[in-house]
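Read the structure below first, then the notes.
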Amino acid sequence: MHTADYIALEKRHATNTYNPLEVVIARGEGVWVWDVEGKKYLDCLSAYSAVSQGHCHPRIVNALVEQAQRVTLTSRAFYNDQFPLLLQELCALTGYPRVIMMNSGAEAVEASLKAARLWGYRVKGVPDEQAEIIVCAHNFHGRTITAISLSTTPLYRRHFGPLTPGFKAIPYGDAAALEAAITPHTVGFLVEPIQGEGGVVTPPEGYLRAVREICDRHNVLMIADEIQTGLGRTGQFFACDWEGVRPDIVAIGKALSGGMLPVSAALGSDEIMGLFAPGMHGSTFGGNPMGAAVARAALKVIVEEKLPERARELGARAIHALRAMNSPYVAEVRGKGLLIGIVLKPEVGSARPFCRKLQERGLLLLETHDTVIRFAPPLVITADVLDWAVGEIKAVLAGDTTDGGNGR
């Protein structure tokens, strides 16, 4: 079968929920992937940060294979010998003493919201069924019914109601709007340190510190969605670390498994997470031994290979070079670490044609928020490959129509 055959087969049977580039990937190694015809590409998306450690990292693959040959799933009806070790290592690494293990990022957000509501009723004393959580406009926290209830994007919400009540949206990056929105029934504020899906939008300097101070003053939990930004992507272990801010609850996922299988978590304090009792929340696969073994290996790679430091150094290098480019199409370049958004001018229209041109030159990028090209390669990328990629991006955005000499 060829590329067109696979695409036609998928279109015939898959529900139409995605609009991917027309490339069919058959193999991946490190920062590179190969399509079914054998053409080589640089992966510049990292599966939305899930493969920050690179495709098929040998240490993580070995952990997966070894555990798959022992036991894969016990459910939480029994203890297993990997989950407690993951908890110990994750808590020591992050400083949070309690963890709820889940699978997808949306589940980690859901667990965080439930924790905040539970705390609001049990500790803050909000009357039953009246807890309120403040969110930000143009957020992305998943596509479950509750996650889209947090969203302000009509496409995500329309024809899926009635939606989950109890949420209020305010402008992103506006600390004064947060303070004005808080009421006695407010139990939490959910925020992405950088809005990845919303267009790699970075808030003003000092915003997260202001949020922390406001939440403390009003006895409101600060909840950070670090599913895409966490675990080294922005140049710090957590993106909130850039401002020295410690949220009350942190949702993580994506790179927590190095792209091997879904693993996510909500982290928090004893005072918050200790309110849960058996039966109040759970997941058959959450904390499964294979997921736990993989996550342990994935975390070790992040720490021992110094991936946050690499993202900080190489991200600054890439952002500097991209901001210096002379392009008639680009309005600005924003981001932190290796989470970078190249924002096109409004009159240019969709970024998809530029992504297709980059695909022809051997780079796989995709637009987000229609007019933003997201550049977020695996954190294991080398300086020379990064420089080559940035050069190709600059060439395309300068109007170069050659094929770029793909073949690195």
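What number, in percent, do you get for the relative contact order of the range 71-304 if the mean sequence gap of Cα pairs under 8 Å and at least 6 apart is divided by its residue count?
Value for the range 71-304: 31 percent.
On a 0 to 90 degree scale, rounded to 10, what angle separates helix 105-119 from the longest Cα axis of the chain?
With both axes taken from Cα atoms, the answer is about 20 degrees.
Name the shape class, rounded, prolate or oblate, that the alpha-carbon gyration tensor gives for the range 198-335, where a ≥ b ≥ c are the square roots of its eigenvalues, rounded holds for a/c under 1.5, and otherwise prolate holds if a/b is larger than b/c and oblate otherwise.
oblate
Quick one: order Ile7, Ile100 by neighbouring beta-carbon count within 10 Å, fewest to most.
By the 10 Å Cβ count, ascending: Ile7, Ile100.
Out of all DSSP beta bridges in the range 71-304, what portion is antiparallel? Express it as a percent rounded to 5.
Roughly 40 percent of the DSSP beta bridges within the range 71-304 come out antiparallel.
With θ taken as phi - 60° and the coefficients 6.51, -1.76 and 1.60, list the Karplus ³J(HN,Hα) couplings across the range 151-163 in order, rounded to whole Hz; mark glycine and proline as x.
Once θ is set to phi - 60°, the couplings for the range 151-163 become 7, 10, 8, x, 4, 6, 9, 5, 6, 10, x, x, 8 Hz.
After finding the eigenvalues of the alpha carbon gyration tensor for the range 255-349, what semi-axes result from the square roots of 5 times each, listed largest first in whole Å?
Value: 38, 18, 13 Å, ordered largest first.
For a quick check: sort Val390, Val187 by the number of other beta carbons within 10 angstrom, fewest at the front.
Val390, Val187
Given bins 10 angstrom wide, list per bin the percent of all Cα-Cα distances in the range 71-304, short to long.
Answer for the range 71-304: a P(r) of 8, 34, 37, 18, 2, 0 percent.
After finding the eigenvalues of the alpha carbon gyration tensor for the chain, what semi-axes result from the square roots of 5 times each, listed largest first in whole Å?
So the equivalent ellipsoid measures 34, 26, 20 Å along its semi-axes.
Could you work out how far the C-alpha centroid of the range 63-86 sits from that of the range 144-165, in angstrom?
So the separation of the two Cα centres works out to 35 Å.
How far is helix 3-13 tilted, in degrees, relative to the longest principal axis of the Cα atoms in the chain, given as a value from 0 to 90 rounded to the nearest 10?
30 degrees
With +1 on the Cβ of every Lys and Arg and -1 on the Cβ of every Asp and Glu, and nothing else charged, how large is the dipole of the chain about its Cα centre, in debye rounded to the nearest 20?
It works out to roughly 260 debye.
What ranking do Ser112, Ser151, Ser264 get, fewest neighbouring Cβ atoms within 10 angstrom at the top?
If I rank by nearby Cβ atoms, fewest first, I get Ser151, Ser264, Ser112.
Taking the chain as the reference, fit the longest principal axis to its C-alpha atoms, fit the long axis of helix 207-218 to the helix C-alpha atoms, and give the angle between the two in degrees, 0 to 90, nearest 10.
With rounding to tens, the tilt is 10 degrees.
State the number of lysine pairs found in the chain whose Cα atoms come within less than 27 Å, restricting to pairs 8 or more positions apart or on distinct chains.
Within the chain, the lysine pair count is 27.
Values in this text are rule-based calculations from the coordinates and carry no lab data. Bear in mind that the values here come from a model prediction, so they are computed numbers and not experimental data. Quick reminder, even Gly has a Cβ in these numbers, built from the backbone with ideal geometry, and neighbours come from all protein chains shown.
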